[in-house]
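Asker: Dropping a structure here in structure tokens format, bear with me for questions.
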Amino acid sequence: MAYSDILYDVDESVATITLNRPDRLNAWSRDMECDVRTAMDVAGGDKNVRVIVVTGAGRGFCAGADMSMLSASSEEDSDSRRESDRHHLYHEPMTRQLDLVSDHNMRYTYFTSVPKPIIAAINGPCAGLGFVMALFCDVRFASKNAVFTTAFARRGLIAEHGIDWILPRVVGLPNALDLLLSARKLVAEEARDMGLVGKVFPHDELMGAVRSYAKELATMVSPRSMRVMKEQVYRTQDTSLSESVNRGFDEMYDSLDSDDFREGVAHFLEKRVPSFNDQ
């Protein structure tokens, strides 16, 4: 499949989506939006893919929305633009997705409904819409060169595309308000200390470390377990504790009947690498 603003590659059950506008620090374009959605759909439905990595080409992850796109939007009629954009808030269901409420299939929130773990390898500046995209990835690792900013308040904008929902869940309410209200720049080490990213690596070691982690998930962990647990975690954000416990009870008994459970026990007892098949 041909893409205009991304690169897509699959190696050893790991799909890598690379935002590919390095001359613009991978600023988000409408073509990139369509490309990423399509690539996520392809990876989510491909039985040969177990883990997805998102990163940026060149020295940036994603600098946010392309300013030329924002400038064009500001010149359009506000009411017509509002209705047009509202029409595109929700996507058609993907080929394969988790059983979550429709909130998780919106224009920039749908990463949470992709049935495989998504790892953000944040290799440089990560701002605005790029920041939103990184937050909706399941795991985030960063280069020491990474710099983060919500950016919106310094453009006269507000907390867009669900960042006001996800950011407090990741870093806590006071930190989220700090980052949104000030739109200040955050270096990688502070982002790690805040819980925004899990680990920080020297720039030249980031992709090697991310690929090693992704390969471990792809080879040593049950794809069924990853899919079910991802669904459990995001579903629980919108349910009560008792609903979570009861759902987990049913899922546990389903897992005990699965081929992956039998293989999980067998490879442990036989001291060998697992061969999981159930996705």
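Asker: When the Kirkwood radius is taken over all Cα pairs of the range 221-270, what Stokes-Einstein diffusion coefficient follows at 10 °C and 1.306 mPa s, in µm²/s?
Answerer: Estimated via Stokes-Einstein, D reaches 135 µm²/s.
Asker: A follow-up question, please. Measure up Lys116/Lys271; Lys47/Lys271; Lys144/Lys271 against 31 Å on the Cα-Cα distance and list the ones that go over.
Answerer: Cα-Cα > 31 Å for Lys144/Lys271; rest within.
Asker: What fraction of the Cα pairs in the range 154-279, stated in percent, has a spacing above 26 angstrom?
Answerer: 48
Asker: Taking R0 as 22 Å, what FRET efficiency do you get between Lys215 and Asn277 from their Cβ-Cβ distance, rounded to the nearest 0.05?
Answerer: It comes out at approximately 0.80.
Asker: Tell me, how many Å apart are the Cα centres for the range 173-251 and for the range 1-33?
Answerer: Using only Cα atoms, the two centres lie 22 Å from each other.
Asker: Could you grab the Rg to Rh ratio for the chain? Cα atoms only, Kirkwood for Rh.
Answerer: Ratio value, two decimals: 0.97.
Asker: Next up: Normalised by the number of residues in the chain, what is the relative contact order in percent for Cα pairs under 8 Å and 6+ residues apart?
Answerer: Relative contact order of the chain: 16 percent.
Only the coordinates and a few stated rules stand behind these numbers; no lab work does. These numbers were taken from a predicted model, which means no experiment stands behind them. Neighbour counts run over all protein chains shown; Cβ positions are idealised from the backbone, glycine included.
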